Amino acid sequence: GFIYFDHGLVRIRRQEYDYYHTFDSLAYEYHGHYVLCCTDEDLVMKIDGTLWDVPGGYTVKAYSDGVFLLEKDGLYGFMDYTGKWIAQPVYDYAEPFNEGLAVIGSDGKRGMIDTDGRFAVPMVFDYIQTCSGGVIAAWDEANGWNLLNKVK
């Protein structure tokens, strides 16, 4: 999401620097000058150049497949590009979408959801690798490794 527009949105990073108040302990050297970074934000821009409203207090962790991975107070959730929650921010673990699936987790168990928020893999595994080429590797203590094929 930092390089291309996806569903008319792109994730951007805005930084503002203060070149005049450089005696602060947080200032650092940049191309021979000491500067202080005053603002460092992850934002989402629409194709017309205006900003997409990120819900208050949330941080954009990733944007892929038209879905935002948002974090607040150590909990993760997913919101689609229209602003609709597809997975409420109740998970203590989450990875960005890849091939239409995202790993989510809570209390040490992992599962996968699709871009509509439906469980594609139940949350019963100890570890799940991100989908690659339609194949998902999942591991749990009782059964060991499982290879799952992604079905459309």
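The values are calculated or read from the model by the stated rules, or taken from the named source; none is laboratory data. Everything numeric in this text was worked out from a predicted model, so none of it was measured. As a convention, Cβ positions derive from the backbone with ideal geometry for all residues, glycine included, and neighbour counts pool all protein chains shown. Keep in mind that these areas ignore ligands, DNA and RNA; they rest on the heavy atoms of the full protein, side chains included. Shrake-Rupley method; radii C 1.70, N 1.55, O 1.52, S 1.80 Å.
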Could you work out how far the C-alpha centroid of the stretch 72-91 sits from that of the stretch 115-132, in angstrom?
16
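Could you size up the charge dipole of the stretch 38-152 around its Cα centre, putting +1 on the beta carbon of Lys and Arg and -1 on that of Asp and Glu, and report it in debye to the nearest 20? Intermediate results must be reported in sequence, preceding the final value.
Values: 9 positive and 18 negative charges, 79 e Å.
For the stretch 38-152, the charge dipole is close to 380 debye.
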Å³ per residue enclosed by the Cα convex hull of the stretch 57-135
79
Checking the stretch 58-142 for trypsin sites (Lys or Arg not before Pro) in a loop per DSSP with at most 14 other beta-carbon atoms within 10 Å yields Lys84, Arg118
Mind checking the per residue accessible area of the stretch 80-152 for me, 1.4 Å probe, whole number of Å²?
57
